[in-house]
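The values are calculated or read from the model by the stated rules, or taken from the named source; none is laboratory data. Nothing here was measured: the structure is a model prediction, and the numbers come from that model. Cβ atoms come from the backbone with ideal geometry, glycine included; neighbour counts cover every protein chain shown.
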Amino acid sequence: MNPSFTIPKFRLPEIIARIGTRLPQWPHALTLVAGLNAALKMKLLPETELALLEDKLFRVRINDTGGEASYTYRNGLFRPVFRPDREPDLAFAANLSAYLQLLARQEDPDTLFFNRELEITGDTELGLIVKNMLDAVEWPSLPQLPLLSR
């Protein structure tokens, strides 16, 4: 990522979430699970911790888009859960900008949590395991693309 680029804190208009909650949520779960499984295949996630996620139910909610994804980890793969039959063991909720800042490593989960921009509910110990797993990920660096100039 270009170090001079900063993802600003923003909140999408409320109408986006109102529309988003009425749309099918399964594409969000499939996309998230595909990304997590790609990270597994690339060996980006610490394998020693994965056994601790077995059969746990997770939910990620993007407040200002109305999107939500539930998933579990079972038999070595992340799997979507389209109709959860119980409350998640661990749930995250934030606006899109907070998730983008996390992915870009512009902000850490602790800062977002204490600034009330990231809500984490459920099993505290499981939350720490997931946080430590994410902190341990070494994202592959992408080549810098030259800016087009005229």
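A few notes on this one:
- Inside the range 91-140, residues that are modelled with pLDDT of 90 or more, among the small types (Gly, Ala, Ser) and either within 27 Å of MET42 (Cα to Cα) or within 12 Å of the chain's Cα centre (by Cα) (or both) make up a count of 6.
- Leading residue by the ranking (farthest from THR6 (Cα to Cα)) among those in the range 90-123 that are in a helix (DSSP H, G or I), aromatic (Phe, Trp, Tyr) and in contact with a strand residue (DSSP E or B) (Cβ under 7 Å, 6 or more places away or on another chain): PHE113
- In the range 1-47, the residue that is nearest to the chain's Cα centre (by Cα) out of those that are more than 21 Å from PHE58 (Cβ to Cβ) and hydroxyl-bearing (Ser, Thr, Tyr) is THR6.
- Residue in the range 63-109 that is nearest to ARG18 (Cα to Cα), counting only those that are free of Cβ contacts under 8 Å to residues at least 12 places away in the same chain and among the acidic types (Asp, Glu): ASP85
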